[in-house]
1. Which one of these does R37 not meet: (1) in contact (Cβ under 8 Å) with a residue 12 or more places away in the chain; (2) in a loop (DSSP other than H, G, I, E, B)?
2. Here's a check for you: in region 142-172, which residue that is assigned to a loop (DSSP other than H, G, I, E, B) and away from the ligand (no atom under 16 Å from the Cβ) is nearest to the chain's Cα centre (by Cα)?
3. Working only within region 237-249, note down all residues that are surrounded by fewer than 19 Cβ atoms within 10 Å (Cβ to Cβ) and within 20 Å of the chain's Cα centre (by Cα).
4. Could you please let me know if S259 is within 19 Å of E308 (Cβ to Cβ), surrounded by 14 or more Cβ atoms within 10 Å (Cβ to Cβ) and without any contact (Cβ under 8 Å) to a residue 24 or more places away in the chain?
5. Looking at region 2-34 only, could you name the residues that are in a strand (DSSP E or B) and exposed (fewer than 14 other Cβ atoms within 10 Å of the Cβ)?
6. Within region 204-216, does at least one residue satisfy the condition of being within 14 Å of the ligand (Cβ to nearest atom), buried (at least 23 other Cβ atoms within 10 Å of the Cβ), over 23 Å from A313 (Cβ atoms) and modelled with pLDDT of 95 or more?
7. Filter the helices (runs of 4 or more DSSP H) completely within region 228-343 down to those with at least 1 residues that are among the acidic types (D, E).
8. Name the residue that is farthest from the ligand (Cβ to nearest atom), counting only residues in region 187-203 that are crowded, with 24+ Cβ neighbours inside 10 Å and farther than 17 Å from F337 by Cα.
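The values are calculated or read from the model by the stated rules, or taken from the named source; none is laboratory data. Everything numeric here is computed off the predicted structure, so don't read it as measured data. FYI the Cβ positions are ideal-geometry reconstructions off the backbone, even for glycines, and counts take in every protein chain you see.
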Amino acid sequence: MRAFDHPADVAHAPGFFLMRGALRPNYEVPARAVSLREGLARLGVAAETPALPDRAALERVHAADYLDWLSTAHAAWEALPGAGPEVVANIHPSPEMLAQGGRAPAGMVGQTGWYTADTACPIGPGTWDAAVGAAGCALAAAEVVAGGEDAYALCRPPGHHAYAARAGGHCYVNNAALAAVAMRDRGAGRVAVLDIDSHHGNGTQGIFWDSADVLTVSVHGDPAGYYPWYVGRAHETGGRAAPGFNLNLPLSPGTGDDSWLAAVAAGLARVAEFQPDALVLSLGFDASEHEPLGYLRVTAEGFARAGEMIGAARVPTAIIQEGGYNVDLLGTLLARFLNGFGR
Ligand code: ZN
């Protein structure tokens, strides 16, 4: 299988992370990519460096004003008196503010709250370059899949929490959404996105909420007790223009292999019913039983079996790396998954 990886990821080394009011080291670190590369090497796969996407390719998913902000945010932040080392919001517009005509201000602090969903997407000096590199990996994988083969994109930072005009949850540019749209642009009539990261793919759901030609399915920990908290429930089934084209399969805390694999099977059944020309798999490993931000309890064997099930669907697949933060295990879990996928 061809794989893509961009060296710019190493320049994105976020520090800030807020958890239950405590400041902790950020989990989305360059060592994650090192571990994933080791997993590829174990399979004898050498990742290729993709071309960087141009602005027009990013604008197929993301709003121009958001990209302008994201690409210049760190430099603008550094110019603020007394600014910390990373761009982090300390205010977000509330629903009341928005209902009463709230809008993005010219000032950087207000813009940061406008263009981010939470404090878990700090922007440092290398964030933009890394995010564009990750997007390049996803788009290169999409191109391979448009030719009828499968491909893996080692995307770091991940993307599935990013909306068209908002970063959040370690994500800045939605790599999976870019891949899905690129496949549509290259002639796929219908594209399905299956997200098996342990967190709901809220950004991807948001981007395709009103798209009946892109089915979105997410298997994840129940947002009643887990990020992204406000969405990811079963009643969210798509916008007015695409009713029934979003499927959320939330799972209770502590869910292990059998129930997790049953949910993946239910997601695949909906994908099969949709009869897609291509599949985007948002692959996270944070459902692992050894995950530091753990909620689900999936074993390495469980990931291998998920790989088998998704491979058996026989739809050309772009596998897009999302989360998973156990640096010691990521490479092993990727190798087990791809071995099971087996194509
Ligand atoms: Zn996740």
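1. The one condition R37 does not meet is (2).
2. A164
3. T237
4. Taking the combined requirement at face value, the residue satisfies it.
5. Filtering region 2-34 down to residues in a strand (DSSP E or B) leaves 2-4, 18-19, 22-23.
Answer for region 2-34, where residues must be in a strand (DSSP E or B) and exposed (fewer than 14 other Cβ atoms within 10 Å of the Cβ): M19, A22, L23.
6. Scanning region 204-216 turns up no residue that is within 14 Å of the ligand (Cβ to nearest atom), buried (at least 23 other Cβ atoms within 10 Å of the Cβ), over 23 Å from A313 (Cβ atoms) and modelled with pLDDT of 95 or more.
7. Numbers: elements: 257-274, 300-311, 330-341.
Once the helices (runs of 4 or more DSSP H) in region 228-343 are filtered for at least 1 residues that are among the acidic types (D, E), what remains is 257-274, 300-311.
8. V191
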